[in-house]
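The values are calculated or read from the model by the stated rules, or taken from the named source; none is laboratory data. If you're wondering where the values come from, they're calculated on a predicted model, not measured in any experiment. In this analysis, Cβ positions are derived from the backbone assuming ideal geometry, glycine residues included, and neighbour counts consider all displayed protein chains.
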Amino acid sequence: MWWFSKAERKDIWDDPVAQPLDDIEAAQRIRAICREAAGCAEAVGSPSNRSPKKQQIERERYERAAKAAMETAMKISDELVRDSAVREIVGLCMKANNIKTGRALFRAIHASSIKAEVLKEHPTLAAGPE
């Protein structure tokens with residue numbers, strides 16, 4: 001019976017990129033990844049009644065999404081577009097309560113206006129070890 005067979009979930013960040021992306025396309029891909037991964041990041045960042053197996057699946061999905069987004073961000077040449085994309089990834093990390101990675105990515109943002117907006121959204125990034 002076909003409805004009992006569970007196909008493995010295919011996520012946007014697992015899709016290979018067919019061609020090199022320009023900066024705007026890369027930023028759009030990062031935004032799409034972060035939006036789609038928000039649910040699993042929130043599941044990782046909040047205590048829940050989920051089984052350890054489901055929690056591990058959500059953690060792996062979040063980590064794959066964050067990795068794909070970071071790899072894409074490294075290929076963006078325009079600094080302002082890259083800073084804006086990194087801001088999206090910082091938001092994803094903070095939803096997952098991954099403050100260490102969020103702080104490292106926050107330090108990679110150069111535009112002061114974007115840094116100020118990120119600090120407004122996530123004041124915990126200002127405090128802590130450098």
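If you scan the stretch 17-39, which residues turn out to be under 12 Å from Lys95 (Cβ atoms) and either touching a residue at least 60 places away in the same chain (Cβ under 8 Å) or over 10 Å from the mean Cα position of the chain (by Cα) (or both)?
Gly39 - this is the single residue of the stretch 17-39 that is under 12 Å from Lys95 (Cβ atoms) and either touching a residue at least 60 places away in the same chain (Cβ under 8 Å) or over 10 Å from the mean Cα position of the chain (by Cα) (or both).
Give me the residue from the stretch 95-113 that is within 25 Å of Arg61 (Cβ to Cβ) and without any contact (Cβ under 8 Å) to a residue 12 or more places away in the chain and, out of that set, surrounded by the fewest Cβ atoms within 10 Å (Cβ to Cβ).
It comes out as Lys100.
Hey, does the stretch 44-63 have a residue that's closer than 30 Å to Ala127 by Cβ and under 10 Å from the mean Cα position of the chain (by Cα)?
Yes, the conditions are met somewhere in the stretch 44-63.
Starting from residues that are among the aliphatic types (A, V, I, L, M) and under 24 Å from Asp83 (Cα atoms), keep the ones in the stretch 1-17 and report whichever is modelled with the lowest pLDDT.
Val17
For a quick check of your reading of the model, give me the residue pairs whose first member lies in the stretch 61-79 and is of a type in the set (S, T, N, Q), whose second is in a helix (DSSP H, G or I), with beta-carbon atoms closer than 7 Å and at least 6 apart or on different chains.
Thr72/Ala26; Thr72/Arg29; Thr72/Ile30; Ser77/Asp23
Among the numbered criteria (1) farther than 24 Å from Phe106 by Cα; (2) buried (at least 16 other Cβ atoms within 10 Å of the Cβ), which single criterion is violated by Ser48?
Every listed condition holds for Ser48 apart from (2).
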